[in-house]
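**Student:** Encoded as structure tokens, here's the structure I'll be asking about.
The values are calculated or read from the model by the stated rules, or taken from the named source; none is laboratory data. Computed from a predicted structure; not experimentally measured. A quick note on method: Cβ atoms are made from the backbone with ideal geometry, for glycine too, and the neighbour counts reach across all protein chains shown. SASA here: full protein model, heavy atoms, side chains in, ligands and nucleic acids out. Shrake-Rupley method; radii C 1.70, N 1.55, O 1.52, S 1.80 Å.
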Amino acid sequence: MDYLPMFARLEGRPVLLVGGGEVALRKARLLLAAGARLTLVSPALDPGFHEFAGRFTHLAERFAPAHLAGQILVVAATDDLAVNALVYQSATERGLFVNLVDDPERSSFIFPSIIDRSPIVVAVSSGGKAPVLVRLLRERLESLLPRHLGGLAELSGRVRSRAKQVLASLSDRRRFWERAFASNTLAGLIEKEDWQGAESWLSEGLDKAQTEVGEVVLVGAGPGDPGLLTLKALQQIQQAEVVLYDQLVSAEILDLVRRDATLVSVGKKAGAHSVPQEETNRLLVEYAKAGNRVVRLKGGDPFMFGRGGEELEVLAEEGIPFSVVPGITAAAGATAYAGIPLTHRDHAQSAVFITGHCQKEGKEPDWQQLAATNQTLVVYMGLMRSEHIQQQLVNHGRSAATPIAIIERGTTARQRVLTGTLADLAELAAQAVSPSLIVIGEVVSLRKRLAWFGEAAEGQGAESGHELKLVSLA
């Protein structure tokens, strides 16, 4: 770290600015906005300084080291290299912080790019190495930060002392503020600049806070690549106090959970349910009733063979508030990374998703319908029943020569794609590892041209991966 970021309180404190041109004017605006007692040394001033008449002391003369007496920091904004050098040398000898505009090598402090939502202030800097990049970051942050953010901070300051009295523990106060800041009601009041109504709403919320039940957010983590998390999913896992997660959720995504959250594994993968569903349901209810903000984090999309609906039914029966953040399901994510479109005008006019993991003695799917041509069949959790799936599809009319793919650990750096025909499905499945997705249909043949992620696309600079092709001998 080349510079230590810190915010200096300059209210009423002496600061020297050397220079009187447009650049000096920009620095003067910042320093005066911070309340500095500004002395400006320059033989002449830009007409723009008239805007601040009476708010600074002007010495219409060239800089001399004596001007540094009593100052706490110095800024040189002239186009005279000799003057700038003298300012730097003199200030350094006196142990003063000094900034030479556009000369970071001879500056003991620099001006960052500032997003001002006082009292919220955000500063961004590259240490003078990439000013255009910093400007772009500032523009992005300006668009993300609400214009009433400063007013919200002022409002919070007025309510903060009462919150400390009502809510004794730090965790209770943090929970109250997080929920308040995430509330659409509060956001609406602030947008209308109804500050009195907003303060009343916060005060009423404090009265209810100690008896309030928590909430559960069902969040889809996507197929594995953390870059495929939705923005809302990221926000939720960073606000959660408790996260119940499955084994299909990647370690990279778990690293994004806030550090002080309680992580509870309720891991499930094919053939190994470490925590029964009933226990998961009980934990959700228990943590929520204790007043926690709970995230139930599931791989893929929680409503796509993830039993998310069953868990919400339990919460509804217990009167626990809940919401859902969808995720990119494996059928969409893994096939895209494998270069296999789910639909194509020439090959498949529909896509059907099924699970190979059914309840014991569950009803068999309509194999006649699933074996139809001109559609893509995607099977979740189908490795262990691959031979049965293969036989049923062939028996009901699907050609044994139909292209198939098994995508292991789709969208991750360990992705591997095994390709062959329907006649090879059981043999390929025996070589695959979980989690895997089975794709059956003519669209798989497009992978030869459309693969972009993994070994098949190394010539395009994609990430490493592996591919195994099996040619049918039937």
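**Student:** Which whole-number value in Å² is the accessible area per residue of the chain, probe 1.4 Å? Kindly include the intermediate steps, with their values, before the conclusion.
**Tutor:** Details: 25020 Å² over 474 residues.
Solvent-accessible surface per residue comes out at 53 Å².
**Student:** Once the Cα atoms of helix 149-166 and of the chain are each reduced to a long axis, what angle between those two axes, in degrees from 0 to 90 to the nearest 10, is obtained?
**Tutor:** Roughly 80 degrees, rounded to the nearest 10.
**Student:** As a quick test, which of the pairs Lys208/Lys232; Lys27/Lys129; Lys164/Lys298; Lys129/Lys192; Lys192/Lys298; Lys363/Lys448 have an alpha carbon distance above 31 angstrom in this structure? Let's see the in-between values first.
**Tutor:** Values: Lys208/Lys232 27 Å; Lys27/Lys129 20 Å; Lys164/Lys298 36 Å; Lys129/Lys192 41 Å; Lys192/Lys298 37 Å; Lys363/Lys448 37 Å.
Pairs exceeding 31 Å: Lys164/Lys298; Lys129/Lys192; Lys192/Lys298; Lys363/Lys448.
**Student:** Ok, one more. Calculate the spin-label point distance for Gln89 paired with Phe109, positioning each point 7 Å from the Cα along the beta-carbon direction, and give it in nanometres.
**Tutor:** A separation of 2.4 nm, rounded to one decimal place.
**Student:** Right, another one. Name the residue farthest towards the positive end of the dipole of the chain from the options Pro14, Ser445, Val101, assuming +1 on Cβ of Lys and Arg, -1 on Cβ of Asp and Glu, about the Cα centre.
**Tutor:** The one lying farthest along the dipole's positive direction is Pro14.
**Student:** Work out the FRET efficiency for Gln369 and Ser434 from their Cβ-Cβ distance, taking R0 = 45 Å, and round it to the nearest 0.05. Please report the intermediate quantities before stating the final value.
**Tutor:** Numbers: r = 27 Å, r/R0 = 0.59.
With R0 = 45 Å, the Cβ-Cβ based efficiency is 0.95.
**Student:** Rounded to the nearest percent, how much of the accessible area of region 90-228 (1.4 Å probe, protein heavy atoms only) is carbon and sulfur?
**Tutor:** 52 percent
**Student:** What is the spin-label model distance, in nm, from Val23 to Arg449 if the labels are put 7 Å beyond Cα along the C-beta direction?
**Tutor:** About 5.7 nm separates the two model spin labels.
**Student:** So, one more: Over the chain, what is the relative contact order in whole percent, taking alpha-carbon pairs under 8 Å and six or more residues apart?
**Tutor:** On the way: 839 pairs, mean separation 43.0, N = 474.
Answer for the chain is 9 percent.
**Student:** Computed FRET efficiency, Cβ-Cβ of His357 and Ala401, R0 25 Å: what is it to the nearest 0.05? Walk me through the intermediate numbers first.
**Tutor:** Details: r = 27 Å, r/R0 = 1.08.
Efficiency at R0 = 25 Å is approximately 0.40.
**Student:** Something else about it: Quick one: Cα centre-to-centre distance for region 315-364 and region 386-447, in angstrom?
**Tutor:** Cα centroid of region 315-364 versus Cα centroid of region 386-447: 17 Å apart.
**Student:** By its C-alpha gyration tensor, with a ≥ b ≥ c as the square roots of the eigenvalues, how is region 215-328 shaped: rounded for a/c under 1.5, else prolate for a/b larger than b/c, else oblate? Provide the component values of the computation, followed by the final result.
**Tutor:** Details: a/c = 1.43, a/b = 1.18, b/c = 1.21.
Rounded.
**Student:** I'd like the antiparallel share, as a percent to the nearest 5, of DSSP beta bridges with both residues in the chain. Don't skip to the answer; put the middle values down first.
**Tutor:** Details: 24 of 68 bridges.
Bridges in the chain are about 35 percent antiparallel.
**Student:** Name all residues of region 102-123 having a backbone nitrogen under 20 Å from the label point set 7 Å from the Cα of Asp79 along its Cα→Cβ direction, giving them as ranges.
**Tutor:** Under cut-off, by backbone N: 102-104.
**Student:** Relative to the longest principal axis of the C-alpha atoms of the chain, give the angle of the C-alpha long axis of helix 195-209, reported between 0 and 90° and rounded to the nearest 10°.
**Tutor:** Helix 195-209 sits at roughly 50 degrees to that axis.
**Student:** Just want to confirm a number: the relative contact order over region 14-111, from Cα pairs under 8 angstrom separated by 6+ residues, in percent. Each step should come with its number before you reach the end.
**Tutor:** Values: 165 pairs, mean separation 26.8, N = 98.
RCO, region 14-111: 27 percent.
**Student:** Using unit Cβ charges (K, R positive; D, E negative) and no other charged atoms, how large, in debye to the nearest 20, is the dipole of the chain about its Cα centre? Walk me through the numbers on the way to the answer.
**Tutor:** Working: 49 positive and 54 negative charges, 141 e Å.
Its charge dipole is roughly 680 debye.
**Student:** Longest exposed-loop-site-free stretch of the chain, with trypsin sites (Lys or Arg not before Pro), DSSP loop and at most 11 other Cβ within 10 Å? Working shown, then result.
**Tutor:** On the way: sites that count: Arg9, Lys129, Arg147, Lys192, Arg258, Arg259, Arg345, Lys360, Lys363.
Counting only loop sites that pass the neighbour cut-off, the longest clear stretch is 10-128.
**Student:** If you don't mind, there's one more thing I want to ask. Please compute the length gained on full extension between Leu263 and Ala64, using 0.36 nm multiplied by the number of residues separating them and subtracting their Cα-Cα distance.
**Tutor:** Values: separation 199, 0.36 × 199 = 71.64 nm, distance 6.19 nm.
Length gained between Leu263 and Ala64: 65.4 nm.
**Student:** May I pose another question? Ala413 to Leu133: extension gain in nm, 0.36 nm per residue of separation minus the Cα-Cα distance?
**Tutor:** Values: separation 280, 0.36 × 280 = 100.80 nm, distance 2.89 nm.
My answer for the length gained is 97.9 nm.
**Student:** Using a simple spin-label model with points 7 Å from Cα along the Cα→Cβ vector, what separation in nm is obtained for Met384 and Arg174?
**Tutor:** Going by the 7 Å Cα→Cβ label model, 3.9 nm.
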